[in-house]
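> Just passing along the structure, written as structure tokens.
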Amino acid sequence: MKLEELKDKQKALSPLIYENFDRKSFPIFIFFSYLGARICYAESHPLSIFEEEKFKDFERFKSFLLHLKKAGHFSIFAHTPLFVDTSNLSLEEKFSLASTYFKVFWDEKRKLALFNLRHLAETLDDQTFLHLINEEPRFEEIEVILAREFKILFKGRLSELDKELLKERDNIFAEKEIIILKSQKEMPFNWIGVIIHNFSRIFSHQFVRHTWLNFNQRSHRYTKVDKFVIPKAFSESHIKLYEEAIRSGMKIYEELCKNIKRESARFVVPQGVATTVLATGPELVWRDFIEKRAIPQAQEEIRDLAIFLKDILGFS
């Protein structure tokens, strides 16, 4: 099947998704799409994104998402789940949906299918899409868990978070943070978002291989390189050599940035540069990630993340 034929088929089938998805739960998770878009360009703490006027002003929030749709930035919409009632769908309709759309999960026992907003953003006209998102986000129903260096500092609603916790030390070496975002009440498929902040790009190259998750990552094409990650294996003498290499590379980087774009200047930056990644997906996919990475053979950063999530999320 050619690409255009596939798009036409998806468009023809999209009413089955649009007419049968759960509109009550949709506003709980729409914020993930905003977060996915902004995480790419934010130099501040990732939870500070929710303090942006563009997020708090609903009209601007909707306009921003519509702009992203018009610009073809569809990947960010994959972060918002759609729970589709399949009880009224025929076997033929289910087969057509399953064979046409990517990243769809089925629960025949509960008569549900898990789609995501990207499936509609790519197929709906702008007016229908705007009507779809015309309900204010219910972010207050999301539980936030914030951990720094694998120690939990906060668990609760974002509105209750002490903003002092978002301040980061002024140091070239980063403190790792893991932020878990999930519904406070039990939901179908148990959709979970995780922000991995101040881990290295060595880590992220491995993490994004888990393609059943949805990803967006801080872009060093547009944001400034500012922090680096120290491997556990480094002794004090290793750290000293590492810092010398970083400062040398950063001096060249800053000089290059005067004349060329950051996307080219970053070639001189060490691989240990800190980045931020948003990953979302259903519980079954997070369980698969943990099974594959919470093992002695895994690289230390991704292994530490997997072990931490296994413990905090209560996955046996």
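> What residue among Pro296, Pro188, Pro27 has the largest mean-square fluctuation in a Gaussian network model of the chain, using Cα springs under 10 Å?
Pro296
> Between rounded, prolate and oblate, where does region 187-316 land on the alpha carbon gyration tensor, with a ≥ b ≥ c its root eigenvalues, rounded for a/c under 1.5, else prolate if a/b exceeds b/c?
Since a/c reaches 1.5 but b/c is at least a/b, the shape of region 187-316 is classed as oblate.
> Go through region 157-169 residue by residue and turn each phi into a ³J(HN,Hα) via Karplus (6.51, -1.76, 1.60, θ = phi - 60°); whole Hz please, and just put x for glycine and proline.
7, 4, 4, 9, 6, 5, 4, 4, 5, 8, 6, 10, 5
> Could you list which residues have their amide H under 5 Å from that of Val144, counting only those 5 or more apart in sequence or on another chain, with H placed in the peptide plane?
Gly156, Arg157, Leu158
> Here is a follow-up. Output the pairs from Lys54/Lys185; Lys9/Lys310; Lys24/Lys310 with a Cα-Cα distance over 32 Å in this structure; if there are none, say none.
Distance filter (> 32 Å) returns Lys9/Lys310.
> Here are several values of mean projected area of the Cα convex hull in nm²: (i) 22.8; (ii) 18.3; (iii) 15.2. Which one was derived from the coordinates shown?
It is the value labelled (ii).
> Next question, about the same structure. State the number of lysine pairs found in region 186-296 whose Cα atoms come within less than 18 Å, restricting to pairs 8 or more positions apart or on distinct chains.
Here the count comes out as 8.
> If you don't mind, there's one more thing I want to ask. Based on DSSP H runs of at least 4 residues, each adding -39500 (n - 2.57), what is the mean residue ellipticity at 222 nm of the chain after dividing by all its residues, to the nearest 500 deg cm²/dmol?
Taken over the chain, the calculation gives -11000 deg cm²/dmol.
> Using the Cα gyration tensor of region 205-251, with a ≥ b ≥ c the square roots of its eigenvalues, what is the shape: rounded (a/c below 1.5), prolate (a/b larger than b/c) or oblate (neither)?
Oblate.
> In addition: Can you sort Tyr222, Tyr18, Tyr34 by how many other beta carbons sit within 10 Å, fewest first?
Tyr222, Tyr18, Tyr34
> Near Lys7, which lysines are there with a Cα under 27 Å away, not counting those fewer than 8 places off in the same chain?
Lys62, Lys69, Lys70, Lys94, Lys103, Lys111
Values quoted throughout were computed directly from the atomic coordinates according to the rules given, and no laboratory measurement underlies them. This structure is a prediction, so every number in the text was calculated from the model and none was measured. Heads up, the Cβs are rebuilt from the backbone with ideal geometry, glycines too, and the neighbour counts pull from every protein chain shown.
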